[in-house]
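> Dropping a structure here in structure tokens format, bear with me for questions.
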Amino acid sequence: MSDLKQLAELVESGRSHEVEAYTRGLLSEGVSPETIVAEGFMPGMYEVGMKFDRQQYFITDMLMAARAMKLGYAVIQDWLGTALPVCKYKVVIGTVQGDLHDIGKNLVAMAMRSVGLEVVDLGVDVPPQQFVGAVAADPDVALVAVSALLTTTLPAMRKTVSLLKRSSASKRIRILVGGAPVTQEKATAMGADVYTETAFQAANAARDIIREMEEAKQ
């Protein structure tokens, strides 16, 4: 078993202190931070996502793995003396106005961070205009993830998507929607670009979209 595969399995198992120690060891052996992240942390979190989707892992398992990865990142940050560079484009995420639920949103944000994306979390009960303002204020925002758990807040999601589609930033962003009352049919009807059922599906979709955008700019 390679050292990086072992690191991925430690992350997957949520063994925080071992991830810290293993990451330090790899750095001292000359393994680059980028390689540690790409071939250790991310594969580990990918397996966590797959197990969660198959109902083999639960929220507590995901949180333990995320904590282990976060501590591994902290080791690298200390080693470098600065934060790891992130991709140019960012994701804005929030739960729509009238909805105070944040577990699903938080899981999506965590999953997106686990695949190397920078996430701006607006929180819960977010008015449509706040989504639009966050996008307008930062030209590096490329994706807006809009969450809802209550059926009664679907009109707020529709209004949010509509305002984003009519905003001055509409041509440079994609809109992702999800949550218990949302279906592919409803997402399409409201004009969203992407719909996913699970947190890691959302993260993988976001990563693919941003990767396409980065390649298009090269």
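The values are calculated or read from the model by the stated rules, or taken from the named source; none is laboratory data. All values derive from a computational prediction rather than experimental measurement. Because the Cβ atoms are built from the backbone with ideal geometry, glycine has one as well, and the counts that use them run over all protein chains shown. The accessibility values were calculated without ligands, DNA or RNA, using every heavy atom of the protein model including side chains. Shrake-Rupley method; radii C 1.70, N 1.55, O 1.52, S 1.80 Å.
> Those residues that are in a loop (DSSP other than H, G, I, E, B) and either in contact with a Pro (Cβ under 8 Å, 6 or more places away or on another chain) or open to solvent by 30 Å² or more (accessible area, probe 1.4 Å) (or both), I need them from the stretch 111-136; list them, please.
LEU122, VAL124, ASP125, PRO127, listed by residue number.
> Quick check on my filter: what residues within the stretch 73-84 are part of a helix (DSSP H, G or I) and open to solvent by less than 80 Å² (accessible area, probe 1.4 Å)? Show your work before the answer.
Let us first name the residues in the stretch 73-84 that are part of a helix (DSSP H, G or I), namely 73-80.
Within the stretch 73-84, TYR73, ALA74, VAL75, ILE76, LEU80 meet the criteria.
> Do any residues in the stretch 65-83 that are more than 17 Å from GLY30 (Cβ to Cβ) have Cβ atoms under 8 Å from those of residues that are of a type in the set (Gly, Ala, Ser) and outside any helix (DSSP H, G or I), where the two are at least six apart or on different chains, and which pairs are they?
From the stretch 65-83, the pairs are ALA65/GLY14; ARG67/GLY14; ALA68/GLY14; GLN77/ALA83.
> While we're on this one: Which number in (1) aliphatic (A, V, I, L, M); (2) at pLDDT 90 or above; (3) closer than 23 Å to GLU9 by Cβ marks the one condition that LEU100 misses?
LEU100 satisfies all of (1) aliphatic (A, V, I, L, M); (2) at pLDDT 90 or above; (3) closer than 23 Å to GLU9 by Cβ except (3).
> Something else now. Hey, does the stretch 170-180 have a residue that's hydroxyl-bearing (Ser, Thr, Tyr) and under 23 Å from CYS87 (Cα atoms)?
yes
> Now, a different point. Across the stretch 135-155, which residue is nearest to the chain's Cα centre (by Cα) among those that are small (Gly, Ala, Ser) and more than 21 Å from ARG172 (Cβ to Cβ)? Outline the logic, then answer.
First, the residues of the stretch 135-155 that are small (Gly, Ala, Ser): 136-137, 142, 145, 147-148.
Subsequent filtering for residues that are more than 21 Å from ARG172 (Cβ to Cβ) retains 147-148.
On the way: SER147: 13, ALA148: 16 Å.
Here the answer is SER147.
> Quick one: ILE173 ticks every box in (1) crowded, with 19+ Cβ neighbours inside 10 Å; (2) closer than 21 Å to ASP99 by Cβ; (3) modelled with pLDDT of 95 or more bar one, so which box is it?
(2)
> Exactly one condition in (1) in contact (Cβ under 8 Å) with a residue 12 or more places away in the chain; (2) open to solvent by 30 Å² or more (accessible area, probe 1.4 Å); (3) of a type in the set (A, V, I, L, M, F, W, C) is not met by ALA216; state its number.
(1)
> Next question, about the same structure. Can you spot a residue in the stretch 55-72 that is farther than 20 Å from ALA148 by Cα, of a type in the set (D, E, K, R) and open to solvent by 80 Å² or more (accessible area, probe 1.4 Å)?
The answer is yes; a qualifying residue exists.
> I want to confirm something. Restricting to the stretch 45-54 and keeping residues that are open to solvent by less than 60 Å² (accessible area, probe 1.4 Å) and more than 10 Å from SER13 (Cα to Cα), which single residue is nearest to the chain's Cα centre (by Cα)?
Ranking the candidates gives GLY49 first.
> Of all residues being farther than 24 Å from GLY14 by Cα and over 18 Å from the mean Cα position of the chain (by Cα) in the stretch 55-97, which is modelled with the lowest pLDDT? Just the residue, please.
THR82
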